[in-house]
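Here the structure is laid out as structure tokens; the discussion comes afterwards.
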Amino acid sequence: MAPTLIGLGALESLAAIGTCPEELRPVLRGFAFCPLRLLGRPLFPEEPHPDERLRSAAWRLLTA
């Protein structure tokens with residue numbers, strides 16, 4: 001499974017709700033610990049890089 005900006009939005013929504021399907025946890029661990037850039041650069045330079053948002057959402061879901 002490869003991350004996308006649409007998928008990132010879905011993960012952030014799940015993190016806001018505070019629920020994480022058990023079958024998603026292995027993928028989230030991969031996203032949280034991956035040292036590589038997984039998503040492209042942000043549309044606006046003042047925004048956080050999408051990878052930072054992805055890792056943040058993954059951590060929030062793993063600790064939910």
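The values are calculated or read from the model by the stated rules, or taken from the named source; none is laboratory data. Bear in mind the structure is a predicted one, so any value in this text is a computation, not a measurement. Note that each Cβ is placed from the backbone with ideal geometry, even for glycine, and that neighbours are counted across all protein chains shown. For accessibility, only protein heavy atoms count, side chains too; no ligands or nucleic acids. Shrake-Rupley method; radii C 1.70, N 1.55, O 1.52, S 1.80 Å.
Listed values, structure above:
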quantity	calculated
Within the stretch 4-34, considering residues that are assigned to a loop (DSSP other than H, G, I, E, B) and under 13 Å from LEU54 (Cβ atoms), the one least open to solvent (accessible area, probe 1.4 Å)	CYS34
Of all residues in the stretch 11-33 being within 13 Å of the chain's Cα centre (by Cα) and without any contact (Cβ under 8 Å) to a residue 12 or more places away in the chain, the one that is nearest to LEU62 (Cα to Cα)	PRO26
Unmet requirement for TRP59, which otherwise passes all of (1) open to solvent by 50 Å² or more (accessible area, probe 1.4 Å); (2) at pLDDT below 95	(2)
All positions within the stretch 18-64 that are within 14 Å of PRO3 (Cα to Cα), among the aliphatic types (A, V, I, L, M) and touching a helix residue (DSSP H, G or I) at 6+ places or on another chain (Cβ under 8 Å)	LEU24, LEU28, ALA32, LEU38, LEU39, LEU54, ALA57, ALA58
Candidate set: the stretch 35-51, residues that are among the acidic types (Asp, Glu) and more than 8 Å from the chain's Cα centre (by Cα); chosen: the one most open to solvent (accessible area, probe 1.4 Å)	GLU46
